[in-house]
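Please treat every number below as a calculation from the coordinates, not as lab data. In this text, all values refer to a predicted model and were calculated from it rather than measured experimentally. Please note: Cβ atoms are built from the backbone with ideal geometry, for glycine as well, and neighbour counts cover all protein chains shown.
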There are 2 protein chains.
Amino acid sequence: MNTVIERIRGEAARHRADLNELLRIPSISNNPANKPDMDKAALWLLTRMQELGIKSEIIPTPGHSVVYGEHLEAEGAPTILIYGHYDVQPVDPLELWDTPPFEPHEREGAVFARGSSDDKGQLLIHLFAAQEMLAARGRLPVNLKFLLEGEEEVGSPNLKPFIDANIDRLACDAVMVSDTGFFSREVPSMLYGLRGLCYVEVLLRGPNHDLHSGEFGGAVANPVDALTRMIAALHDGERHVSIPGFYDKVRELQDREREAFAGLPYDEAEYMKDLEVEALEGEKGFTALEQLWARPTLEVNGIWGGYAGEGAKTVLPAEAGAKISCRLVPDQDPDEIADLLEKRLRDLAPPGVSLKFVRHHGGKPFLAEPDDPFVEAGGRAIEKAFSKRPVLVRGGGSVPVTETFQTVLGVPCVMMGVGLPDDRLHSPNEKMDLDQFHKGIEAAAWFLEEAGKIK
Amino acid sequence: MNTVIERIRGEAARHRADLNELLRIPSISNNPANKPDMDKAALWLLTRMQELGIKSEIIPTPGHSVVYGEHLEAEGAPTILIYGHYDVQPVDPLELWDTPPFEPHEREGAVFARGSSDDKGQLLIHLFAAQEMLAARGRLPVNLKFLLEGEEEVGSPNLKPFIDANIDRLACDAVMVSDTGFFSREVPSMLYGLRGLCYVEVLLRGPNHDLHSGEFGGAVANPVDALTRMIAALHDGERHVSIPGFYDKVRELQDREREAFAGLPYDEAEYMKDLEVEALEGEKGFTALEQLWARPTLEVNGIWGGYAGEGAKTVLPAEAGAKISCRLVPDQDPDEIADLLEKRLRDLAPPGVSLKFVRHHGGKPFLAEPDDPFVEAGGRAIEKAFSKRPVLVRGGGSVPVTETFQTVLGVPCVMMGVGLPDDRLHSPNEKMDLDQFHKGIEAAAWFLEEAGKIK
């Protein structure tokens with residue numbers, strides 16, 4: 001492995017240049033105007049993979065394409081399926097970016113660009129690891145499959161059907177996902193659990209047109225006001241979610257998990273300082289890490305209605321709406337939670353408004369076995385590259401495909417994310433730490449090496 | 001008066017032609033591009049008033065000019081100040097007009113044009129009444145002053161300073177305002193009360209940047225969620241405003257007012273059908289007309305925060321905001337109510353968010369004495385012209401200048417509006433009913449006659 005690691009270090013400048021090339025493509029999956037950019041990013045990946053000798057193709061779906069590749073020349077060795085996504089989040093509010101989101105800018109030991117950490121930087125570490133291993137040795141210690149999707153940021157609507165339709169082709173011994181981060185720079189970690197997601201939209205309609213608030217205000221139900229009341233009623237005073245049945249299927253934390261979380265170097269004061277807030281606010285009876293990793297939530301992601309311009313307009317708005325999402329924990333089911341939420345909102349809607357309930361994407365929560373040999377191989381790989389044994393943690397976000405891989409392919413899913421907590425995923429000034437990026441390539445190579453030893 | 005009324009009827013065609021001439025001038029006060037049209041409308045009025053022998057001048061303000069005129073030849077008789085405004089609302093959406101807004105078009109017994117009812121048609125009835133009285137008799141039964149402003153549709157920013165600076169010049173026994181309408185065509189009415197306004201904006205800030213709702217949701221206060229809770233807490237379950245002290249200065253409805261409102265032909269089913277709502281929602285213990293005319297309200301005019309685009313974005317927003325306004329009734333004070341609202345919102349804001357409170361414009365409520373001799377003279381004038389005794393009503397909107405006249409000049413304000421509820425003020429296809437216009441001139445003449453008898 002010395003030769004491989006040396007080569008990885010020697011090629012650092014090229015890895016960076018390649019990363020920047022991919023980051024320059026504005027592959028925002030939720031905007032139809034960026035469809036050509038999505039195709040461009042897929043083609044960029046296809047070309048790179050083919051240059052490496054990975055048999056690759058772009059496979060269309062009803063949405064954005066999947067880039068799929070295979071390198072199956074390690075007979076008798078395990079097969080690893082590497083998953084990543086080449087699409088990125090939207091960039092608004094654009095004015096809050098210090099440098100343009102699609103002009104990668106290196107400063108403070110990091111590269112700043114949309115998608116740098118989520119997930120272009122992280123999917124490339126595996127491509128570069130394979131590339132340098134092949135260059136150094138001419139062969140890989142495992143069989144590799146790459147599955148790179150373009151719809152992760154819009155809920156992967158076409159990925160499950162794709163997996164269902166390609167079970168034989170995707171057959172493997174483990175799936176590797178690098179789309180998360182370390183507990184902190186000083187505390188490398190392996191993630192064994194993630195929350196699921198249920199994302200909906202609620203639209204309220206009051207009168208058939210905007211009204212003059214003086215002529216009509218006081219007698220006619222205002223949909224913005226109704227919406228605020230309905231949303232406020234979705235939590236009680238202790239920040240428990242007030243939806244009948246919401247907690248019924250929640251798997252309670254085990255004592256050893258609570259103890260493990262409590263042993264982590266989590267500094268609440270520092271956390272608040274970073275966010276510039278004077279207090280945290282979460283479900284009563286749980287620590288912040290428990291709230292974030294092992295408790296379900298209900299969050300308003302957006303709200304709108306009426307006049308939001310300069311100055312004053314005395315309007316009684318005809319419509320209002322909100323985006324609402326729940327983070328779910330095992331064994332909650334996104335469809336069941338959407339049903340419960342819809343029922344609750346319909347119960348709360350006053351008679352003077354009509355309600356439309358739209359379901360966006362959802363995803364099931366994920367929980368892995370920490371002592372699975374491939375998960376352990378991931379742990380050893382991180383230890384080799386970062387010189388510290390990773391701690392086992394859970395995460396608050398959602399990578400719904402992890403649960404799909406476990407269920408449909410019946411294999412373990414190894415989460416070897418090398419991002420950092422301050423990477424500002426989905427926010428202005430997203431960045432990828434360059435030390436994490438380069439060591440991540442080493443860890444990815446170590447993982448292939450360690451996984452190759454598993455019988 | 002027979003000669004006067006006959007003359008008014010004989011000159012109907014000319015009154016209409018003159019009205020159309022003024023309506024052709026696009027005097028939109030909020031658009032700097034229409035400044036020459038504003039000047040043109042002022043000059044048109046000046047010329048007309050001078051032709052009548054009214055000593056008139058155009059008086060510049062920091063905004064649009066005031067047209068001021070005097071005819072003070074009825075020694076010993078009362079002095080009436082007639083207020084009106086020659087500016088009009090913008091016309092968008094233009095595509096919804098059946099005929100162009102500044103090409104007056106007569107159909108269905110009405111003239112359709114922007115400003116026809118609000119307020120050019122209504123200010124001209126007083127000019128034409130004076131003109132025909134002078135033509136028929138050579139003299140007027142009262143002393144007349146005209147105060148015609150060009151900034152009513154932009155909140156009259158320069159009118160109060162103008163009145164303050166010209167108290168002696170504007171001295172009078174009563175102010176006449178025709179800028180409102182009848183309860184219905186069949187139910188002539190006199191307005192004796194209007195609501196005031198207190199308009200504010202509240203901005204909440206949570207974390208210092210938008211966060212990933214998975215990585216942070218559950219532990220960090222969400223400002224949108226906080227805002228919905230705060231707004232929801234501003235009303236109780238019976239739609240009373242939950243702000244300590246809010247109702248302290250509210251003058252309760254008198255029994256005779258409740259009885260008068262209850263006697264009006266108000267059809268709640270028809271009202272709901274027009275708005276396409278299945279229920280009304282207002283403060284418990286009051287009828288819809290009481291809620292609209294005599295009870296204060298708190299209304300959310302707009303709300304925003306987080307993601308409002310297509311599809312889903314899993315963001316925990318850093319900021320949220322809302323425009324909130326209260327309609328006020330005597331003797332509530334806009335500044336005091338803003339203080340109470342600010343205090344209440346600060347009390348409700350959870351510790352994880354910071355609050356900014358912005359005050360927009362306000363206006364005091366207006367209430368006249370229904371048995372004031374000049375108000376009664378207005379009532380008799382309407383009865384003579386429309387052959388029906390007008391009912392006494394209040395209005396839900398705000399015409400802040402009415403309160404200014406009462407307070408600064410210390411005189412009663414007579415609201416003799418002859419518009420109709422379906423005049424579509426501020427909307428496409430604004431119109432002035434021609435029967436109301438011509439009879440309005442007769443009513444204006446009768447008012448001068450009746451007011452002249454007041455000692």
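Distances between copies of A:LYS356, taken at a point 7 Å out from Cα along the Cα→Cβ vector and listed shortest first: 3.3 nm. Let me know the longest stretch in chain B that avoids all GluC sites (Glu not before Pro) found in a DSSP loop with at most 14 other C-beta atoms within 10 Å. Maximal segment without exposed cleavage sites: B:311-455. With a cut-off of 15 Å on the backbone N, the residues of region A:139-156 near the modelled label site 7 Å out from A:LYS55 along Cα-Cβ are A:143-146. Ranking B:ALA381, B:GLY245, A:VAL67 by Cα position along the charge dipole of the protein assembly as shown, where only Lys, Arg, Asp and Glu carry charges on their C-beta atoms, puts A:VAL67 farthest toward the positive end. Shape analysis of region B:1-115 places it in the oblate category; the axes a ≥ b ≥ c from the Cα gyration tensor give an a/c of at least 1.5, with a/b not above b/c. Amide H to amide H, with H built 1.01 Å from N, A:GLY302 comes under 5 Å of A:LYS323, B:TYR307, counting only residues 5 or more places away or on other chains.
Counting only DSSP beta bridges with both residues in the protein assembly as shown, tell me the antiparallel percent, nearest 5.
Details: 100 of 140 bridges.
Percentage antiparallel, nearest 5: 70.
Give me a single rounded figure for A:202-209: the average over its residues of other chain Cβ atoms within 10 Å of their Cβ.
Working: counts 0, 0, 0, 2, 4, 5, 4, 3.
That works out to 2 on average.
Simple spin-label estimate for A:LYS356 and B:ARG139 gives 6.9 nm between the two label positions (7 Å along the Cα-to-Cβ direction from each Cα). Place a +1 charge on the Cβ of each Lys and Arg in the protein assembly as shown and a -1 charge on the Cβ of each Asp and Glu, then give the dipole magnitude about the Cα centre in debye, rounded to the nearest 20. The dipole magnitude comes to about 400 debye. Projecting 7 Å from Cα along the Cα-to-Cβ direction, the label point of A:LYS160 sits 6.0 nm from its equivalents in the other copies, listed shortest first.
Of the trypsin sites (Lys or Arg not before Pro) found in region B:133-168, those in coil by DSSP whose Cβ has at most 11 other Cβ atoms within 10 Å are B:ARG139.
Annotation: amide H-H contacts under 5 Å for A:GLY419 (H modelled 1.01 Å from N, sequence separation of 5 or more, or interchain): A:THR180, A:GLY181, A:PHE182.
Report for region B:82-239 the percent antiparallel among DSSP-assigned beta bridges with both residues inside it, nearest 5.
Around 35 percent of the beta bridges assigned by DSSP in region B:82-239 are antiparallel ones.
If R0 is 22 Å, what FRET efficiency do you get for B:THR407 and B:GLU252 from their C-beta distance, rounded to 0.05? Show your work: numbers first, answer last.
On the way: r = 22 Å, r/R0 = 1.00.
Approximately 0.50, to the nearest 0.05.
Span-like helix criteria (full DSSP H runs; alpha carbon extent of at least 20 Å along the helix axis; mean Kyte-Doolittle hydropathy of at least 0.0) are satisfied in chain B by B:121-137. Net charge dipole, region B:403-450: roughly 120 debye, given to the nearest 20, about the Cα centre with Cβ charges of +1 for Lys and Arg and -1 for Asp and Glu.
Beta bridges per DSSP, both residues in chain A: antiparallel share near 70 percent.
Rounded to the nearest 500, what is chain A's calculated 222 nm mean residue ellipticity when only DSSP H runs of at least 4 contribute -39500 (n - 2.57) each, over all residues?
Theoretical 222 nm ellipticity from helices: -10000 deg cm²/dmol.
Only one residue of B:ASN2, B:PHE182, B:GLY282 has its Cα farthest out toward the positive end of the dipole of chain B, where Lys and Arg carry +1 and Asp and Glu -1 on Cβ, and that residue is B:ASN2. The alpha carbon centroids of region B:347-384 and region A:112-159 are separated by 65 Å. Simple spin-label estimate for B:VAL187 and A:HIS240 gives 5.1 nm between the two label positions (7 Å along the Cα-to-Cβ direction from each Cα).
Can you bin the protein assembly as shown into rounded, prolate or oblate? Criterion: square roots of the alpha carbon gyration tensor eigenvalues sorted a ≥ b ≥ c, rounded for a/c under 1.5, prolate for a/b above b/c, oblate for the rest. Don't skip to the end; give the middle numbers.
Working: a/c = 3.21, a/b = 2.63, b/c = 1.22.
Because a/c hits 1.5 or more and a/b exceeds b/c, the protein assembly as shown counts as prolate.
On the basis of the beta-carbon distance and an R0 of 45 Å, A:ASP92 and A:GLU336 show a calculated FRET efficiency of 0.90. Count Lys and Arg as plus one, Asp and Glu as minus one, and take only other residues whose Cβ is under 10 Å from that of B:ALA233; the net charge is then +1. For region A:46-162, a/c is not less than 1.5, where a ≥ b ≥ c are the root eigenvalues of the C-alpha gyration tensor, and a/b does not top b/c. That puts it in the oblate class. For B:ASN30, the distances from its label point to the matching points in the remaining copies are 3.1 nm, ordered from shortest, with each point set 7 Å beyond Cα toward Cβ.
Report the charge-dipole magnitude of region A:25-142 in Debye, nearest 20, computed about the Cα centre from +1 at each Lys and Arg Cβ and -1 at each Asp and Glu Cβ. Computed charge dipole of region A:25-142: roughly 320 debye. In the structure shown, the pairs B:LYS55/B:LYS388; A:LYS284/A:LYS431; A:LYS40/A:LYS160; A:LYS40/A:LYS431; A:LYS249/A:LYS356; A:LYS343/B:LYS249 are assessed against 31 Å; a Cα-Cα span above that value is assigned to B:LYS55/B:LYS388; A:LYS284/A:LYS431; A:LYS343/B:LYS249. Around the amide H of B:GLU73, modelled in the peptide plane, lie the amide H atoms of B:LEU144, all under 5 Å away and 5 or more residues distant in sequence or on another chain.
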